[in-house]
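Step one of this worksheet: look at the structure below.
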Amino acid sequence: TGWSQADSGSLTLPAPTGLLPAETTPAQYTATTNAVYSGNVTVCLQYDPGSLVSEEKRLRLLQWDSTLNDWTVIGSTPDTVANTICGVTDHLGTFMLAYLPTCCVDRTGNVNGDPGDVVDVADLTALIDHLFISFAPISCEPEANVSGDPEGTIDIADLTSLIDNLFISFTPTAPCQ
């Protein structure tokens, strides 16, 4: 038993290293409790999609780590219907919403997220699976925008562009946007 509370305010801690604040006015959220707990606790923040500076699906939940003197990602899957994002931590503290910088490196095509950034048949398989079979999310959607659609739409045009790149013209894939 006990009480728990979360307060929000302007960001007073340093901005996250290598990450971009997610809200037009960056905020931090401090969660406290006098309840006794052990193990991990799930922290969820509700956000206003209208206050975000980029796509919801790129949103991450960060927690301030006073030992590292920096922010740590603890949650990475926003619920875009409920407009919440949750993360698991072993202690309460200060949290914020942020974006990872784009995951796409140099040129598109690494649909399956190969660490070597190799574009091959495995990427074609991942794209076919995403578009027609399991509809599984792609870990880095900008990589799947092989056709270079300015809106970032992933569709059959990306599939034909990847097939062309791998088997027909061997022309380079579109640059990352």
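Quick look at the numbers
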| quantity | calculated |
| --- | --- |
| Cα→Cβ-extended label distance, 7 Å offset, between SER169 and CYS44, nm | 4.8 |
| 222 nm mean residue ellipticity, helices alone, for the chain (DSSP H n ≥ 4; -39,500 (n - 2.57); rounded to 500) | -2500 deg cm²/dmol |
| Estimated vicinal HN-Hα couplings, Hz - region 148-163 in sequence order (Karplus 6.51, -1.76, 1.60; Gly, Pro = x) | x, 3, x, 7, x, 5, 9, 8, 4, 4, 5, 4, 5, 5, 5, 4 |
| Where Rh is the Kirkwood radius over Cα pairs, Rg/Rh for region 4-99 | 0.94 |
| Estimated vicinal HN-Hα couplings, Hz - region 92-105 in sequence order (Karplus 6.51, -1.76, 1.60; Gly, Pro = x) | 7, x, 10, 10, 8, 9, 8, 10, 6, x, 3, 8, 7, 10 |
| Share of pairwise Cα separations in the chain, more than 21 Å, in percent | 56 |
| Gained length - ASP106 relative to SER139, 0.36 nm times residue gap less alpha-carbon distance | 10.2 nm |
| Overall form of region 102-177 per C-alpha gyration tensor (a/c, 1.5; a/b vs b/c) | rounded |
| Contour excess over end-to-end distance, with Cα ends at THR153 and VAL81 and 0.36 nm allotted per residue | 23.9 nm |
| Protection proxy ranking of 32-40, 121-129 - average other beta-carbon atoms within 10 Å, highest first | 121-129, 32-40 |
| Zone of SER51's modelled label, taken as backbone nitrogen in region 1-23 under 13 Å from a point 7 Å along Cα→Cβ | 7-11, 22-23 |
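Every read-out reported here was derived from the displayed coordinates using simple, explicitly stated rules and does not represent laboratory data. Note that this is a predicted model, so its numbers are computed, not measured. Here Cβ is always computed from backbone atoms with ideal geometry, including for glycine, and neighbour counts include all displayed protein chains.
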